[in-house]
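To start, the structure itself, in structure tokens.
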Amino acid sequence: MFRFDGEVGVSYGQLYVSSVPGPAPRMHDAFAGQSSGLCGAAVPGALFLRTGLHSGAVGFTVEVLRQAPPLDPAYEDIVEVSFYPASDQSFLVRWAGEARWELDLKEGIDYRVRYCAQGMDQAREQDVRLDDEPLLDRYLLQFWPAPPEPDRIVRQTSQNAAYAHDYARRQPEVEFRVRSIMAQRRAYLTGTAAESFRDAESPDESVDVAVISREADPRSVREQLTSLSAYPAALPWDWVTAFDAEHAEDDRAGYIQAFLEEIGEHAFARGAVLASLDSRQDYCLAFVTSAQFEQLSRLLTGHGMGVQSVRLGLWTPRMHPEQSAAIRAWARANGPESPVTRIVSTAPLESSGAPEESEPGSLA
């Protein structure tokens with residue numbers, strides 16, 4: 001068992017656990033989609049810990065255990081969340097990185113986290129504790145291996161905790177689905193059974209992510225995508241016969257790439273984004289809104305991961321219709337003998353009916 005015990009300085013009522021380099025998560029990101037507001041776990045690889053004391057030192061204990069411990073009756077407020085370290089080095093970190101303490105947490109293991117607080121209201125009322133003043137509030141942070149589960153409030157006593165829980169419940173629901181997508185992707189990467197996709201922080205037991213082999217059968221691709229919770233109901237498939245004829249000579253891997261690009265283009269025309277998340281050899285795909293795509297991009301940037309918007313030309317050397325039209329216009333303006341005119345005139349025209357709006361950015 002690992003144990004850390006001592007006094008830890010806090011600023012702005014915050015401490016963090018981080019397994020990735022970079023700044024601490026923003027508060028509204030960390031608690032998005034949670035019902036509890038003391039330990040924010042919505043940002044992958046990080047925890048946001050709230051304290052009653054605004055500034056000064058608090059009593060703090062960290063334990064890494066082999067199994068779930070009994071509840072400690074000494075603590076007035078208790079919450080639980082799930083945590084997956086993004087590296088083999090995790091630290092308890094002070095505000096602005098002023099100090100840090102390494103924790104014995106391992107990458108590749110899902111942990112359940114119990115955060116316990118004592119004396120939050122008293123500490124909040126005093127606000128600041130000087131070095132020669134008695135301890136006001138104390139905290140216990142416990143980790144043990146366990147499958148991912150939604151966060152929960154185990155015990156609530158203080159008014160400060162009640163305020164924090166209310167804050168968490170008011171955060172945008174859009175970010176909760178992003179967290180569900182990340183948990184399901186993690187279940188795939190860690191080799192968890194497929195059933196865990198329905199257990200990984202998804203409130204309605206829905207499946208948000210499709211894992212598709214690069215050599216998959218096109219029919220199975222369609223079946224998997226149409227089974228996703230956010231599948232666009234109006235997505236057409238009447239283009240498939242013509243697509244098959246055009247790509248009859250493609251190998252299977254090339255066909256699947258072009259097939260997914262075509263699906264993504266039709267989805268984008270209907271206000272959805274087919275997002276491709278970094279994975280191993282397979283495609284890890286989810287239908288999301290533009291806002292959810294931007295949230296995925298922002299959350300993944302600091303964690304060495306990427307997400308791309310699947311559209312024409314992402315993987316295959318096909319020209320987007322808007323690009324083709326722009327090049328044709330330029331070529332016409334520069335005379336009939338322009339070499340670009342001859343090149344573009346031989347390129348097949350594709351029409352997707354995509355709206356004239358900017359495409360969400362992508363991360364490599």
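The values are calculated or read from the model by the stated rules, or taken from the named source; none is laboratory data. Keep in mind the model is a prediction, meaning the values are calculated, not measured. Note: ideal-geometry Cβ built from the backbone for every residue, glycine included; neighbour counts use all protein chains shown. Note: areas computed on protein heavy atoms with side chains; ligands, DNA, RNA excluded. Shrake-Rupley method; radii C 1.70, N 1.55, O 1.52, S 1.80 Å.
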Does A123 satisfy the condition of being open to solvent by 30 Å² or more (accessible area, probe 1.4 Å), closer than 23 Å to S11 by Cβ, among the aliphatic types (A, V, I, L, M) and not in a loop (DSSP other than H, G, I, E, B)?
-> no
Quickly run through the stretch 267-295 and pick out the residues that are touching a residue at least 60 places away in the same chain (Cβ under 8 Å), open to solvent by 20 Å² or more (accessible area, probe 1.4 Å) and touching a Gly at 6+ places or on another chain (Cβ under 9 Å).
-> A269, T289, S290, E294
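Can you name every residue in the stretch 62-89 that is within 16 Å of A123 (Cβ to Cβ) and not aliphatic (A, V, I, L, M)? Steps first, answer last, please.
We begin by selecting, within the stretch 62-89, every residue within 16 Å of A123 (Cβ to Cβ); these are 74-77.
Passing the criteria: Y75, E76, D77.
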Output the number of the condition that R179 fails; it satisfies all remaining conditions of (1) under 28 Å from F268 (Cβ atoms); (2) open to solvent by less than 40 Å² (accessible area, probe 1.4 Å); (3) modelled with pLDDT of 75 or more; (4) out of contact with any strand residue (DSSP E or B) (no Cβ under 7 Å at 6 or more places or on another chain).
-> (3)
Where in the stretch 11-114 are there strands (runs of 3 or more DSSP E), lying fully within it, with 3 or more residues that are open to solvent by less than 10 Å² (accessible area, probe 1.4 Å) and among the hydrophobic types (A, V, I, L, M, F, W, C)?
-> 46-50, 55-64, 77-83
Scan (1) open to solvent by less than 70 Å² (accessible area, probe 1.4 Å); (2) part of a strand (DSSP E or B) for the single condition E133 breaks and write down its number.
-> (2)
Name the pairs whose Cβ atoms lie under 6 Å apart, with the first residue in the stretch 46-69 and in contact (Cβ under 8 Å) with a residue 40 or more places away in the chain and of a type in the set (D, E, K, R), the second open to solvent by less than 10 Å² (accessible area, probe 1.4 Å) and part of a loop (DSSP other than H, G, I, E, B), and 6 or more positions between them or separate chains?
-> R50/G13; R50/L38
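Among the residues that make up the stretch 102-117, is at least one of them in contact with a Lys or Arg (Cβ under 7 Å, 6 or more places away or on another chain), at pLDDT 95 or above and not hydroxyl-bearing (S, T, Y)? Let's see the steps before the verdict.
First pass over the stretch 102-117, keeping only residues in contact with a Lys or Arg (Cβ under 7 Å, 6 or more places away or on another chain): none.
Checking the stretch 102-117: not a single residue is in contact with a Lys or Arg (Cβ under 7 Å, 6 or more places away or on another chain), at pLDDT 95 or above and not hydroxyl-bearing (S, T, Y).
From the list R169, R138, pick out the single residue that is within 17 Å of L49 (Cα to Cα), open to solvent by 40 Å² or more (accessible area, probe 1.4 Å) and at pLDDT 95 or above.
From the options R169, R138, the qualifying one is R138.
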Selection from the stretch 138-168 of residues that are part of a strand (DSSP E or B) and among the polar types (S, T, N, Q) | Q142
Taking the stretch 187-204 and the residues there that are more than 16 Å from A286 (Cβ to Cβ) and modelled with pLDDT of 50 or more, the one that is surrounded by the most Cβ atoms within 10 Å (Cβ to Cβ) would be T192
The stretch 264-284, residues that are touching a helix residue (DSSP H, G or I) at 6+ places or on another chain (Cβ under 7 Å) and among the hydrophobic types (A, V, I, L, M, F, W, C) = V273, L274, A275, L277, C284
